[in-house]
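Working notes, structure below.
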Amino acid sequence: MVDGPKGPFRPLSENLRAGAKLYRVISNTRPGASLDAFNPGYGPPTRFAFFGNPVIPILYCAESESSALCETLLRDIPYEGGEVLPSEYLRLLLGRLTVQQDLSLASFRGTGLRAIGVGRKDITDTDDERYAETVLWAEAAHRAGFDGITWTSARCDSDAAYMLFGDRVTPADLSIDPDFSRVFATPEGIFWLTDFCAPLNIEVQQS
């Protein structure tokens, strides 16, 4: 078990360039819901939040639609397959943000894990019972001056996931793409979601 960084903490840095596209799934029922809204501490603990006093606002997002969905709506579905219910997806929408300035992220993937002396099983591929440990790595990255962190989730290890710190990155640094939106309460959104899930052996139940 690794409780957090021991000794010097010198993670590799990855740059998220201005113009990069970020995908995010949000609930349209959550107070203050917006694609560019940072979470000020709402909800249960997650892998890399929450920490700080006062709490550091955070924003989770992903490199691709696949990664964003696998980390949210499809997160708890077994690898062998399953189903998603209308009560789970009708309140969600998938949108896209554009980064407005270069951001420096602590790398918790690939050789970035070697640089901090841990493996995926210690930080990015754990169950929620260990979130009290894994959040310490995000806190260390924040203390080291990074704008956020990047990793690859166990649920979609082909694409990057990101978490940005709300006291280093603001909504002004992220613009909402008005030309991209998947609203799962619409027929078009349900059709797209069904088509996406079918090869993954996940059935999208319809009301």
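Tabulated values for the structure
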{"item": "Qualifying position, being more than 17 Å from the chain's Cα centre (by Cα) and under 16 Å from residue 66 (Cβ atoms), among 202, 190, 116", "result": "202"}
{"item": "Subset of segment 107-147 [among the β-branched types (Val, Ile, Thr) and surrounded by fewer than 20 Cβ atoms within 10 Å (Cβ to Cβ)]", "result": "111, 118, 126, 135"}
{"item": "Residue check for residue 175: in a strand (DSSP E or B) and of a type outside the set (Lys, Arg)", "result": "yes"}
{"item": "Residue in segment 88-106 that is within 17 Å of residue 9 (Cβ to Cβ) and crowded, with 22+ Cβ neighbours inside 10 Å present", "result": "yes"}
{"item": "Selected residue [part of a helix (DSSP H, G or I), in contact (Cβ under 8 Å) with a residue 24 or more places away in the chain and closer than 22 Å to residue 23 by Cα] from 161, 132, 106, 138", "result": "138"}
{"item": "Residue match in segment 186-200 (condition: part of a strand (DSSP E or B) and either loosely packed, with under 15 Cβ neighbours inside 10 Å or touching a strand residue (DSSP E or B) at 6+ places or on another chain (Cβ under 8 Å) (or both))", "result": "no"}
{"item": "The listed residue being more than 27 Å from residue 117 (Cβ to Cβ), touching a Cys at 6+ places or on another chain (Cβ under 6 Å), among the small types (Gly, Ala, Ser) and touching a residue at least 60 places away in the same chain (Cβ under 8 Å), out of 66, 27", "result": "66"}
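The numbers here are math on the coordinates, done by the rules we state, and not lab data. Source: prediction; values computed, not measured. Cβ coordinates were reconstructed from backbone atoms using ideal geometry, including for glycine residues, and neighbour counts include every protein chain displayed.
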